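Working notes, beginning with the structure itself.
The values are calculated or read from the model by the stated rules, or taken from the named source; none is laboratory data. As the structure is a computational prediction, the values presented were derived from the model and not from experiment. Virtual Cβ from ideal backbone geometry, glycine too; neighbours counted across all protein chains shown. Just the protein is used for accessible areas: all its heavy atoms, side chains included, with ligands, DNA and RNA removed. Shrake-Rupley method; radii C 1.70, N 1.55, O 1.52, S 1.80 Å.
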Amino acid sequence: MNILNDLGKRILFFDGAMGTMLQENGLMPGELPELWNLTHPEVIENIHRQYVRAGANLLKTNTFGANGVKLRDSGHTVKEIAAAGVRLAKEAAGDNALVAMDIGPTGKLMKPLGDLGFEQAYELFKEMAVAGEQAGADFILIETMSDTYECKAAVLAVKENTKLPVFVTLIFDEKGKLLTGGDVPAVVALLEGLRVDAMGFNCGLGPDQMKELLPQLMSCCSVPVIVNPNAGLPRSVNGNTVFDVGPQEFADSMAEIAQGGAWMIGGCCGTTPEHIAAMVKRCKNIAPTPPVKHDITVVSSYAKAVVFGNKPVLIGERINPTGKSRLKQALRDNDMDYILREGITQQENGADILDVNVGLPEINEVELMQRAVTEIQGVIDLPLQIDTSNPQAMDASLRIYNGKPLINSVNGKEESMHSIFPLVKKYGGAVIALTLDENGIPETAEGRLAIAEKIVAVAAEYGIGKKDIIVDTLAMTISAGQENALVTLKALKLMREDLGVHTSLGVSNISFGLPQRENINAAFFTMALQNGLSAAIVNPNSQAMMNTFYAYCALSGADDKCMDYISKYSMQKAEAVPAASEITLHSAIRSGLKESAFAAAEKLLLDTPPLEIINTQLVPALDKVGTDFEQGVLFLPQLLMSAEAAKAAFEAIRSKLVSTGESVKKDKIILATVKGDIHDIGKNIVKVLLENYSYDVIDLGRDVPSEEIVKTALDHDVKLVGLSALMTTTVTNMEETIQQLHKNAPECKIMVGGAVLTPEYAKMIHADSYSKDAMGSVRYANLLFDQNS
């Protein structure tokens, strides 16, 4: 059987929660559910059979956390757990259901935000995927992903090492954002670029909340859609975790989701065989909605998508050493902060995409391109254009790029097409196609159109559609031939009207060898836009070019109600990021520039007391970043990189504090992930931020017994404890820890957080504060200790 053959013929039904059922069968808080494949196989098989009887025809194996990290101390291998998990599901399925090898996240944060490298994650997922295929799984389900980077590692691991179909579901919040800031269009761009077979939502939200997000997904997704919600929101009843949406209410909402376009539906946390049975009964006669093929040309970062065609796209050209002696020196010196500042300045000045080219003869381009892409994506959320003529550098950087990149470039030469298109197919991406071939650059527009047609035809042989080809008709300087501009402009028009593709140009190439080049560039830019130019590689720091851009968008209707133009020219704009020599400590922290923050702090120490620097610059900068994070202006990656920059600045300040005998260490705070829970992403993020606000954090780690937390609080006279839990099966241990703290350390306040918690749930288990994110923990700590001071 092949699941891909069934898609679209009828609604397919996933099963529900495994954890809920295991708890009812005696799973203790903190036990690894996956080990029950070996210790209680009859229970696991029976649970699968209950879901099959309820009507599920897609079963998830009990292998969600069966990765090398979580099984490290279990005494069992991934292969062993996976083999048992698949076997039990297959035995229960019989001929009535297909079996998905279920792969969940590692529970660790990826570099540069955390300590898990991309290839390390890849190997963990590879081990699971290969084990699942060998055991006989019908397809792979990668689920509950909250980070596009970890998701990419998992998808590549499956696609490069198995022949199984790969489905992906992610965990979004009610605003349609991932933990790391990605939105729905950005996720779709990445996953469709990687050619997954289906995608959708699971966990985190109930069916009503997912129903609200579904139109966003359907508006841009061209592959089959999966929706597996929780049974509403959790709450505590008599020490047990229960969910607030019953089977019939769940079924009614899932019917709306099926009618809204989802082809596969099922349940996640809290859903039982009763929920699935009600859903199947309610939805089995709903006909799948025919798919809409969205012919969208799009590239993305981890956080946002840029769509071609809505209005002209600006590609910032400043991270390219051609003609830039200062950048060349920065590349030779590995001065990454200079490169980051160039990127930030372009973003502030209106770039939609950043070109990244680090090619110099005397450097290792493969290594430097990987580093540049990683570090730029650490502080800037714009999509990148990977610009290199080195196939090895392109392969290496596309692999670790977090999103769907713009690739510069391919051309009409056979060697170019057959070396670049396999990379585009493998990693996803839209590619710039230069209209030249073995015979050079045609002198006519028709000749350039013919090359573009050849490129499009060869791309199709690799399964790459026209929507992912952006044709560059090549601007040749008019100083070498005045007809050059008109030929390029005519070619732009032909590409749009005859071939139906989007176009790009390196606009400033038109003026080489002429004085006052900006005059020519701005006029040519306007003419190119009138002839259908989709994307321009320009200097966004050029006032003349940006004036042209904003005026054209207002005149052409691309700027709705002229709002961008009005905002740009009639209101006081925030200052752009200062030039490299002027950057302040406040700006460096807000931008996440570690080296610049260290240097700025050192400079301030020459004539400013260290505590004054902390109180007037470092903390206010962090406060501003925190406010932007809470308002959805910045996301987790920027928050953490700003924290790292603040940490670098504090290192410069620390030695001065020691020499003057001053101290800024504030009150002690204990952080711990509760007994049985081995996830510590959230706790580690909270730790980084609290330490940046100078709190003395005692990190007890993960899987911490309540007795140890209570003892530490008493031994160190701690007045605030932060507890984290990610799993529904461990929230009871959080409640037990809170009870023990209230009993034995009554003056100690407790703040809680984690994916399975809500404010109402936190109140039910008698926590003093609930924090939905790391900044909430900082705010509560500041409020508590300011009141006590």
Candidates 28, 21, filtered to the one that is outside any helix (DSSP H, G or I), touching a Ser or Thr at 6+ places or on another chain (Cβ under 9 Å) and not charged (D, E, K, R): 28
Filter result for residue 152 (surrounded by fewer than 24 Cβ atoms within 10 Å (Cβ to Cβ), under 20 Å from residue 123 (Cβ atoms) and of a type in the set (D, E, K, R)): no
Candidate set from the stretch 77-97 (those that are outside any helix (DSSP H, G or I) and open to solvent by 10 Å² or more (accessible area, probe 1.4 Å)); member that is farthest from residue 17 (Cα to Cα): 77
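Determine if the stretch 497-508 includes at least one residue that is of a type in the set (Asp, Glu), at pLDDT below 95 and open to solvent by 30 Å² or more (accessible area, probe 1.4 Å).
no
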Qualifying positions in the stretch 457-488 - hydrophobic (A, V, I, L, M, F, W, C), open to solvent by 30 Å² or more (accessible area, probe 1.4 Å) and over 20 Å from residue 193 (Cβ atoms): 457, 476, 478, 480, 486
Hits in the stretch 147-182 - residues which are modelled with pLDDT under 95 and among the hydroxyl-bearing types (Ser, Thr, Tyr): 180
Options 195, 235: the member that is outside the structural domain of residue 9 (by TED's automatic domain parsing), among the basic types (Lys, Arg) and either surrounded by fewer than 24 Cβ atoms within 10 Å (Cβ to Cβ) or in contact (Cβ under 8 Å) with a residue 40 or more places away in the chain (or both): 235
Candidates 623, 607 - the one that is free of Cβ contacts under 8 Å to residues at least 40 places away in the same chain, in a loop (DSSP other than H, G, I, E, B) and open to solvent by 10 Å² or more (accessible area, probe 1.4 Å): 607
Test for residue 673: is it touching a residue at least 60 places away in the same chain (Cβ under 8 Å), open to solvent by less than 10 Å² (accessible area, probe 1.4 Å) and either polar (S, T, N, Q) or outside the structural domain of residue 774 (by TED's automatic domain parsing) (or both): no
Given (1) in contact with a Leu (Cβ under 7 Å, 6 or more places away or on another chain); (2) under 25 Å from residue 188 (Cα atoms); (3) surrounded by fewer than 21 Cβ atoms within 10 Å (Cβ to Cβ), number of the condition residue 119 does not satisfy: (1)
Selected residue (criterion: least open to solvent (accessible area, probe 1.4 Å)) from residues of the stretch 398-433 that are farther than 15 Å from residue 355 by Cα and of a type in the set (D, E, K, R): 399
Qualifying positions in the stretch 23-52 - among the β-branched types (Val, Ile, Thr) and either on the phi > 0 side of the Ramachandran plot or outside the structural domain of residue 66 (by TED's automatic domain parsing) (or both): none
